[in-house]
1. With labels modelled as points extended 7 Å from the Cα through the Cβ direction, what inter-label distance (nm, one decimal) is found for Glu50 paired with Met108?
2. Once R0 is set to 45 Å, what does the formula 1/(1 + (r/R0)^6) return for the Cβ-Cβ distance between Asn234 and Asp158, expressed as a FRET efficiency to the nearest 0.05?
3. List the lysines whose Cα sits under 17 Å from the Cα of Lys59, skipping any in the same chain fewer than 8 residues away.
4. Please list Asp158, Asp173 from largest to smallest accessible area, probe radius 1.4 Å, with all protein chains kept in place.
5. Over what distance in Å are the Cα centres of segment 86-125 and segment 37-63 separated?
6. Heavy atoms only, 1.4 Å probe, whole protein assembly: order Val91, Val106 by accessible area, highest first.
7. Once fully extended, how much extra length lies between Arg124 and Ser21, figured as 0.36 nm per residue of separation less the alpha-carbon to alpha-carbon distance?
8. Could you tally the net charge around Ser206, taking each other residue with its Cβ under 14 Å from the Cβ of Ser206, Lys/Arg +1 and Asp/Glu -1?
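The values are calculated or read from the model by the stated rules, or taken from the named source; none is laboratory data. From a predicted model like this one, the values you see are computed outputs, not experimental measurements. Glycine also receives a Cβ, built like all others from the backbone with ideal geometry; neighbour counts cover every protein chain displayed. Surface accessibility is based on the protein's heavy atoms, side chains included, excluding ligands, DNA and RNA. Shrake-Rupley method; radii C 1.70, N 1.55, O 1.52, S 1.80 Å.
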Amino acid sequence: QGSSRQNGSSGINAEYGDCSSCSDYLLRLPEEFSIDNYLKINPDFSALQEELTVCTWLKKRLDQNRRGVPWLSYATTTHDNSLLLKAGVHVVLYGSKYYDKRFSTVIMRDEWYHFCFVWKAGVRVEYYINGVSVGLSGDIPTGRIPLGGTIVLGQEQDTVGGGFDPNDLFAGDIYNLNIFSRALTLGDVTEMYYNGRCAELCRALSYEVALSWGEIVRRGELKGAASLEDAECNTWGAVVDFAEIIMNHLNRRPQ
């Protein structure tokens, strides 16, 4: 169906009723260094303050590695980086104190990657790319994530809902982003990755979703030239995605 909506819409309901197929769309952020393009949503984090997992599929379309390619920013009045997830350089979480851990993985342009950030206060923190941990080291963040914040996809917030920097953004596609109410296991994460971008969550995991991709698409506010596009998860698209996953796995095997 191509682009379904863009330019400041406050929700897909107004255009498509109850949007029974919201999850069939991906978020496309155009290939430009602009602070105008993003999706914004105000989530309920009341069940996620001490434990959560955020997983998504990403395809970047610009080689903008200058500041790490932020794909999710959760800002509150307590701290603008209450949760900041990037495709490169570092991840940030603010609980009882500021937690900022760096990693060196670089992702290629125009290829799909699966990302999962896993955290349980004082117990565990992991960041997975294509089912492999990037090895965050040091102290495990404790405390509680503040409530009442705003999620922005595609920009890093330096104030709630704003303070963007044209050198600090994500340009590309985001699909099937789900936030879970517990710290997922390595098995959970690798199963999602190997099932592929177009696969539905297994039933057990679906019960753990606190904020689903369908809800983000349905309630999120699109800004600027951000748009919703067909995710191309028909039969052929699923086959192509599975073949790409197998090739990535084979390329990681020792020679």
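1. Spacing of the two 7 Å Cα→Cβ label points: 4.4 nm.
2. 0.70
3. Lys86
4. Ranking Asp158, Asp173 by accessible area, largest first, yields Asp158, Asp173.
5. Between the Cα centres of segment 86-125 and segment 37-63 lies a distance of 12 Å.
6. The most accessible residue leads, giving Val106, Val91.
7. Full extension from Arg124 to Ser21 adds 33.6 nm.
8. Its environment carries a net charge of -3.
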